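Beneath this line is the structure, given in structure tokens, with notes to follow.
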Amino acid sequence: MSVDDKIVRMFLQTKPSNLNEIVVLPATKIVEKRLINKLDQKKSYGRVTNGELNGVIVSIIRSLVGCPNTSVTLESLKRCNVKAIVRVDFCGGVALDEYSISIGDVLVPKVTYCGDGTSPQYIMKYPELHNQLSSIPNPNPKIQELKSGNQAVFITEPNEQLKDILMNEGTRFIPNRIKEVDFWTTDALFCENEVFINSLKSIGVQGIDMENSIFFLLSKLYNMKAASILSISDIPGHPQYDLFNSNVLHPDMELGLENAIKIVLKTLPKIKSLVGV
């Protein structure tokens with residue numbers, strides 16, 4: 001058994017040859033379950049479920065939440081001849097004004113700020129990334145005062161062709177409810193206070209998640225095409241729909257997730273053509 005084979009077996013509980021070249025990557029169990037329910041000719045191999053979506057053979061794998069989990073999954077996919085990965089799940093929204101975004105809107109990341117702790121470790125390991133990635137000073141004044149956390153925040157991007165496929169299909173399908181926006185990836189879901197949210201607003205961020213930064217970084221580093229499409233489930237600071245200050249669920253939350261999944265299904269034949277599978 002090779003080292004690559006051992007790593008895949010350890011983390012995905014299967015062998016590399018059981019993965020298909022196109023992967024759909026949810027983070028949460030609820031989204032994974034919905035995707036698997038739509039599969040034709042499904043067959044499971046450890047953490048991997050294979051089958052057809054819209055006539056395209058795919059593998060569905062749950063990355064689990066957060067950048068450390070996502071990095072382990074991407075390291076495994078690197079060793080499996082995966083060519084394209086589409087991430088679909090929920091995200092948080094940052095309302096720049098009362099009309100900018102709503103729960104149930106679908107967001108496609110244009111860029112992602114690496115506010116997590118995993119991406120800097122890879123950037124230290126691969127110094128050449130310093131010259132390939134843009135960065136900004138951390139906009140959070142508390143970070144600047146304490147001299148802790150990520151003083152410089154690097155920026156990662158999805159594969160432009162794959163992102164455009166998702167956006168073009170989404171614009172035809174739900175023209176008023178899909179937006180291409182800047183994201184911030186965080187490790188600390190329970191630390192999204194007013195200072196933090198205002199710092200994101202100051203640089204025009206409209207989406208928050210816990211996986212995009214390392215997802216885009218490693219997919220580029222390992223030559224896999226990757227993009228995300230995410231449905232807004234909550235809006236931090238909103239009087240009704242802040243995850244931690246309200247027990248109210250917006251009626252459009254389910255609709256947004258279903259729309260995001262439908263867009264992925266509609267785009268899979270084009271993604272197949274893009275990567276030449």
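The values are calculated or read from the model by the stated rules, or taken from the named source; none is laboratory data. All values derive from a computational prediction rather than experimental measurement. Glycine gets a Cβ as well: all are built from the backbone with ideal geometry, and neighbour counts include every protein chain shown.
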Self-check item: Pairs, first in contact (Cβ under 8 Å) with a residue 24 or more places away in the chain in the range 65-76, second hydroxyl-bearing (Ser, Thr, Tyr) and surrounded by fewer than 18 Cβ atoms within 10 Å (Cβ to Cβ), C-beta under 6 Å, six or more apart
Solution: none
Self-check item: Residue among 148, 199 that alone is part of a loop (DSSP other than H, G, I, E, B), modelled with pLDDT under 95 and of a type in the set (Ser, Thr, Tyr)
Solution: 148
Practice problem: Spot the failing condition for residue 3; the list is (1) out of contact with any helix residue (DSSP H, G or I) (no Cβ under 9 Å at 6 or more places or on another chain); (2) of a type outside the set (D, E, K, R); (3) at pLDDT 95 or above, and only one is missed. | Solution: (3)
Quiz item: Any idea which of (1) surrounded by fewer than 20 Cβ atoms within 10 Å (Cβ to Cβ); (2) closer than 19 Å to residue 153 by Cβ; (3) of a type in the set (D, E, K, R) is the one residue 97 doesn't satisfy?
Solution: (2)
Quiz item: Does the range 25-41 contain any residue that is over 23 Å from the mean Cα position of the chain (by Cα) and either on the phi < 0 side of the Ramachandran plot or outside any helix (DSSP H, G or I) (or both)?
Solution: yes
Quiz prompt | Residue count for the range 87-137, restricted to those that are among the acidic types (Asp, Glu) and more than 18 Å from the chain's Cα centre (by Cα) | solution = 3
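Which one of 257, 268, 274 is in contact with a Ser or Thr (Cβ under 9 Å, 6 or more places away or on another chain), modelled with pLDDT of 70 or more, crowded, with 17+ Cβ neighbours inside 10 Å and not in a strand (DSSP E or B)?
That would be 257, the only listed residue that is in contact with a Ser or Thr (Cβ under 9 Å, 6 or more places away or on another chain), modelled with pLDDT of 70 or more, crowded, with 17+ Cβ neighbours inside 10 Å and not in a strand (DSSP E or B).
Hey, does the range 205-222 have a residue that's surrounded by fewer than 14 Cβ atoms within 10 Å (Cβ to Cβ) and out of contact with any Leu (no Cβ under 8 Å at 6 or more places or on another chain)?
no
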Practice problem: State the number of residues belonging to the range 106-125 that are surrounded by 24 or more Cβ atoms within 10 Å (Cβ to Cβ) and not in a strand (DSSP E or B). | Solution: 2
